[in-house]
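See below for the structure under consideration.
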């Protein structure tokens, strides 16, 4: 019976055995393909319905395709993947259920709003790191049209959007995590608490999520005894321009300056000037697709040595919103590092 | 670096270190309190709104109260619980988010429809069993009124219900899992796949879920090399009378006879003759509250030596249903055993 424990500080965990990223893949829609990261995505689909009849089925197709691509890159088949850790933004996770059903892989369904990309990587790492599985997959998705229909207004309504509003990314990112050595390793996680600062505006998700991001970043630095500069990048999921400013300010009040290393997937994925995307991109697919397409290549070639990946989620539904509840936030942090060939 | 792996067969896992149930608690509504298990629940609230303004807030109160009671029984405070693994049936898990926020404990939000009670116990066991935490909590809830509003019709509509329909349980069950020795131990889990048999009737959840239950029970027996009689009870979550018959038939076709040991929480929790509950109880709270109130006391005193607990979920939303999608099922199995005082 093992006695050693792998908890670190208050909210963090390291793993009994090494956890590597075996492969990843990103699938996005047309608008994302036209954005600054366009070249980097594995698949861009000109038809935002992905050949399906409904927006929800289109989102399912995103997840299905992303997982197929990630398995293809790793030379794996569904039977090589022991468990799936997956989720999306839709009520009752239907994009995930209907997208991944055909693979016949045991599924842990997850919901952490747009933080689910971090939650899925966290639980998948814990699973491989404990020796429960050799290879598992973590994946998430979002779709602009299914999210607008779910959370705001159907597209046909053509409502106006305030500048603080983010633009839900049509995209999915899938990650195969494995105990087999590769050049990118997940070395730790910090799991976030729900933080409620009383925000009530569902068109200002950045403000709702920034306090949760600040909380989990601070905790990660404390738990691992690090400074912001120990990370090449601290990468939040989808705070956008509005949320980024709040995050940096909140941490400055705690005497933590991340302004030199902070980046946000929602800011990277769209061109604010030409794409009309308001405060930036958002959604479960935003951080996942950006991690796969933009950051993992840099972590693989060593251009980036260590990042803190912090997907951020706003916990609301139309029901909670219409009943006057606040929009609390949650964020989960994952430490991802480049591994040199020679190092052990 | 550890080398041993803890995967068992195709879909199961055992744990590097022992995982015990430190305490549990159940909170239910008036109707459940009037049912056959009434005496056994820790708290029965005569007001189904639990003093709150909305049905969703009432469901949040269920989770909050159940966790408070479980912590109280174990003499623990929120700071003693490292992570929460929790979920519910509502869109975007709002009962969980708003119910557990005030505890300020890091949260993994889960969604597996009514199988979430099994999913949460599985992931919580994996966490403690790997040495990531000393104590964590697994909890789920459902509420008749919030579920009817979410999935079927608002109560005010007073729709007719077919006999195959189940009655969503107003209840929550919370479980503290710990590495500290107690008389009940979780010794393994088997994680289920999504199984779609083409059921389209959202008023016949039992039929939708039975194939998934059959699949994971068969896999559990195979993975651990057991026969049905190696379990004192094989306990499904909420198949009801309709689903029970289908489950037993499906397994008989596989030459597995569980008829002598099968019980269903949905059948146990209500009196079919006097309570007008159709095929039986259902919901995330049904299996969780019944495990806590009915089975755990028997596992504690040794009246029951080993059970297979198999919460069952139907994966649908009103959107997927209205768009003509099937209602696939999923189920997750958890092996729970009595531990003798003297044994090691």
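On alpha carbon coordinates alone, what is the Rg over Rh value for chain B, Rh being the Kirkwood radius?
0.94
Pairs of alpha-carbon atoms within less than 8 angstrom and 6+ residues apart define the contacts here; what relative contact order does the range A:7-178 have, in percent?
31
Using a basic spin-label model with each label point 7 Å from the Cα along Cα→Cβ, how many nm lie between residue B:47 and residue B:226?
4.3
For peptide A:132-142, how many partner chain Cβ atoms fall within 10 Å of a residue's Cβ, on average?
The shielding value for this peptide is 2.
Taking Cα pairs under 8 Å and at least six residues apart, what relative contact order does the range B:122-231 come out at, in percent?
Here the relative contact order equals 27 percent.
Can you order the peptides B:258-267, B:4-13 by their average number of other Cβ atoms within 10 Å per residue, highest first?
Ranked by mean Cβ neighbours within 10 Å, highest first: B:258-267, B:4-13.
Expected output is a single nm value to one decimal: the length gained when fully extending between residue A:273 and residue A:181, i.e. 0.36 nm times separation in residues minus the C-alpha distance. What is it?
29.0 nm
For the range B:101-234, what does the alpha-carbon gyration tensor say about shape, rounded, prolate or oblate, given a ≥ b ≥ c as the root eigenvalues, a/c under 1.5 as rounded, and a/b over b/c as prolate?
Since a/c reaches 1.5 but b/c is at least a/b, the shape of the range B:101-234 is classed as oblate.
Inside 10 Å of the C-beta atoms of A:11-18, what's the mean count of C-beta atoms belonging to other chains?
4
Relative contact order for chain B: what percent, with Cα pairs under 8 Å and sequence separation of 6 or more?
24
In nm, what does the list of distances from residue A:182 to its counterparts in the other copies look like, shortest first, when each label sits 7 Å along Cα to Cβ?
Reported distances to equivalent positions: 3.9 nm.
Can you list the distances in nanometres, one decimal and ascending, from the residue B:79 label point to the identical position in each other copy, with the point 7 Å along Cα to Cβ?
5.2
So if I take the alpha carbon set of the protein assembly as shown, get Rg, then get Rh from the Kirkwood formula, what is the Rg over Rh ratio?
The Rg/Rh ratio comes out at 0.95.
When the convex hull of the Cα atoms of the range B:7-178 is projected onto a plane and the area is averaged over all directions, what value comes out in nm²?
With the hull built on Cα positions only, its mean projection is 11.2 nm².
What's the FRET efficiency of residue B:77 with residue A:254 using the Cβ-Cβ distance as r and R₀ = 22 Å, to the nearest 0.05?
0.30
Answer rounded, prolate or oblate for the range B:223-316, using the Cα gyration tensor with square roots of eigenvalues a ≥ b ≥ c: rounded when a/c is under 1.5, else prolate when a/b is larger than b/c, else oblate.
It comes out oblate by the Cα gyration axes.
Placing a label point 7 Å from Cα toward Cβ, how far apart in nm is residue B:39 from its equivalents in the other copies, listed shortest first to one decimal?
Output for residue B:39: 7.5 nm, nearest copy listed first.
Sorted by average packing, counted as other Cβ atoms within 10 angstrom per residue and highest first, what order do A:311-317, B:112-118 take?
Most protected by this proxy first, the peptides run B:112-118, A:311-317.
With each run of n ≥ 4 DSSP H residues scored as -39500 (n - 2.57), what mean residue ellipticity at 222 nm is computed for the protein assembly as shown after dividing by its residue count and rounding to the nearest 500 deg cm²/dmol?
Taking each H run of at least 4 residues, the total per residue is -9500 deg cm²/dmol.
Among A:93-100, B:66-73, A:123-130, A:285-292, what's the highest-first ranking by average C-beta atoms within 10 angstrom per residue?
Sorting A:93-100, B:66-73, A:123-130, A:285-292 by mean packing, highest first, produces A:285-292, A:93-100, A:123-130, B:66-73.
Counting only other chains, and only Cβ atoms inside 10 Å, what mean value do you get across the residues of A:115-123?
Mean shielding by partner chains, rounded to a whole number: 2.
Every read-out reported here was derived from the displayed coordinates using simple, explicitly stated rules and does not represent laboratory data. As the structure is a prediction and not an experimental result, all values here were calculated from the model. A quick note on method: Cβ atoms are made from the backbone with ideal geometry, for glycine too, and the neighbour counts reach across all protein chains shown.
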